[in-house]
Amino acid sequence: MPLTESKYIWMDGEFTPWKEAKIHILSHVVHYGSAVFEGIRCYKTEKGPAIFRLKEHIDRLYFSASIYHMKIPYTKEQLINACKEIVKANGLQECYIRPIVYRGYGEMGVNPLNLPVKVAIAAWVWGPYLGKAKEEGARVIISTWRRFAPDAIPSMAKSSGPYMNNQLAKIEAVERGVDEAIMLDYRGFVSEGTGENIFIIKNNILYTPPLEASILPGITRDSIIKIAKDLKYTVIEKDLTRAELYHADEVFFTGTAAEVTPIVEIDGIKIGNGKPGPITRKLQEIFFKIVKGEEEKYLKWLTYVK
Ligand code: PMP
């Protein structure tokens, strides 16, 4: 799907026209993937656009940057404001926000430490990441590509270069004609989708892989854990085997882009009765009420743009 262009992209403090938001081809990031980034959603509410869990996303961005010794030349408050401003400047009600912190131009070679740390924030209209699967349920495969081991790449940091790993798995899914791929970790336990965390439900209990399974600690994952516990479900973080996926009553993905997406088929095997399950539906319903500001209890997760 081509990008839906908006008017401006925030680049180091300037609202740059979309088409002029460019960097030099010899920027370090282009060659070595030296960037950390976030994906955030902003939803239309009765009180205008509201950004979901903005503080947590900005905290994760700074954490990711710190692992790669990138000193962000702005305070968290400045970037929080910049996210609000870019939504406003583009006149958007509902959008995806993509802050990226990257190593710029100056030297060549792997060593990133002498290169400038630059920041850009884009915002544009982006519908459901997995398209119709949000309603109908996704068909997925287990990728033959494993997720990187924790002593190779820190999965807790959302960094650009390592997404080449995710791309291999995604390509496999697309080539096989399904919506998404699930990766196993370096030990063979379930890790995550190429842009989503994963949950299974068995006998009314929710299970999701732990941090040790080389997952990105997703903010949607955290939200769903909290929401499910508030609904009095038991949620257990534990290693999951491939067979536990096939054997589950329900399986679903969580992610900022994918939101809450049911999974109805894995490797050609139907999950449950092959339809999105009732608990997944219930969690989807409350999640979408929360992001739209319709659940008093969770208003603390919203940052209104105006
Ligand atoms: N895992 C991966 C690999 C991702 O790219 C994402 C999307 N950021 C997630 C999980 C979900 O994280 P979040 O809920 O914070 O968007």
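When Val140 is evaluated against the numbered criteria (1) open to solvent by 10 Å² or more (accessible area, probe 1.4 Å); (2) touching a residue at least 40 places away in the same chain (Cβ under 8 Å), which criterion, by number, is the only one it fails?
(1)
Listed here are the residues, each with its yes/no results for (1) of a type outside the set (A, V, I, L, M, F, W, C); (2) free of Cβ contacts under 8 Å to residues at least 12 places away in the same chain; (3) farther than 14 Å from Lys202 by Cβ.
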site: Ser214; (1), (2), (3): yes, no, yes
site: Ile219; (1), (2), (3): no, no, yes
site: His247; (1), (2), (3): yes, no, no
site: Lys270; (1), (2), (3): yes, yes, yes
site: Asn273; (1), (2), (3): yes, yes, yes
site: Pro276; (1), (2), (3): yes, no, yes
site: Ile290; (1), (2), (3): no, no, yes
site: Lys297; (1), (2), (3): yes, no, yes
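For the stretch 81-88, does any single residue satisfy the condition of being surrounded by 14 or more Cβ atoms within 10 Å (Cβ to Cβ), assigned to a loop (DSSP other than H, G, I, E, B) and within 21 Å of the chain's Cα centre (by Cα)?
no
Report, by residue number, each residue of the stretch 151-172 that is within 19 Å of the chain's Cα centre (by Cα) and assigned to a loop (DSSP other than H, G, I, E, B).
Once the filter is applied, which keeps residues that are within 19 Å of the chain's Cα centre (by Cα) and assigned to a loop (DSSP other than H, G, I, E, B), the stretch 151-172 yields Ile153, Pro154, Ser155, Met156, Ala157, Lys158, Ser160, Gly161, Pro162.
Could you check the stretch 107-137 and list, in sequence order, the residues that are assigned to a loop (DSSP other than H, G, I, E, B) and surrounded by 21 or more Cβ atoms within 10 Å (Cβ to Cβ)?
Leu115, Tyr129, Leu130, Gly137
Does Gly104 meet the test of being of a type outside the set (Lys, Arg), open to solvent by less than 40 Å² (accessible area, probe 1.4 Å) and without any contact (Cβ under 8 Å) to a residue 24 or more places away in the chain?
No; evaluated as a whole, the condition is false for this residue.
Within the stretch 205-215, how many residues turn out to be open to solvent by 20 Å² or more (accessible area, probe 1.4 Å) and within 18 Å of His57 (Cα to Cα)?
Summing the residues that are open to solvent by 20 Å² or more (accessible area, probe 1.4 Å) and within 18 Å of His57 (Cα to Cα) in the stretch 205-215 gives 1.
I'm checking my understanding of the structure. Among residues of the stretch 162-191 that are of a type in the set (Ser, Thr, Tyr) and open to solvent by 30 Å² or more (accessible area, probe 1.4 Å), which one is nearest to Arg242 (Cα to Cα)?
Tyr186
Would you be able to say whether some residue in the stretch 173-189 is more than 12 Å from the ligand (Cβ to nearest atom), of a type in the set (Ser, Thr, Tyr) and not in a helix (DSSP H, G or I)?
Scanning the stretch 173-189, I find at least one residue that is more than 12 Å from the ligand (Cβ to nearest atom), of a type in the set (Ser, Thr, Tyr) and not in a helix (DSSP H, G or I), so the answer is yes.
Listed residues Lys226, Lys232, Lys202; which is within 13 Å of the ligand (Cβ to nearest atom), open to solvent by 20 Å² or more (accessible area, probe 1.4 Å) and basic (Lys, Arg)?
One residue alone meets the criteria, Lys226.
Which residue, of Glu265, Glu196, Glu294, is charged (D, E, K, R), surrounded by 16 or more Cβ atoms within 10 Å (Cβ to Cβ) and either within 16 Å of the ligand (Cβ to nearest atom) or farther than 30 Å from Leu168 by Cα (or both)?
Glu196
Among the candidates Glu244, Glu285, Glu259, which residue alone is open to solvent by 40 Å² or more (accessible area, probe 1.4 Å) and in contact with a Lys or Arg (Cβ under 8 Å, 6 or more places away or on another chain)?
Glu244
I'd like the full set of residues that are out of contact with any helix residue (DSSP H, G or I) (no Cβ under 6 Å at 6 or more places or on another chain) and either of a type in the set (D, E, K, R) or buried (at least 18 other Cβ atoms within 10 Å of the Cβ) (or both), limited to the stretch 143-152.
Listed by number, the residues that qualify are Arg146, Arg147, Asp151.
The values are calculated or read from the model by the stated rules, or taken from the named source; none is laboratory data. Predicted, not measured: the structure shown is a model, and the values here were computed from it. Cβ: placed from backbone, ideal geometry, glycine included. Neighbour counts: every protein chain shown. Remember, those area values only see protein heavy atoms, side chains included, never the ligands or the DNA or RNA. Shrake-Rupley method; radii C 1.70, N 1.55, O 1.52, S 1.80 Å.
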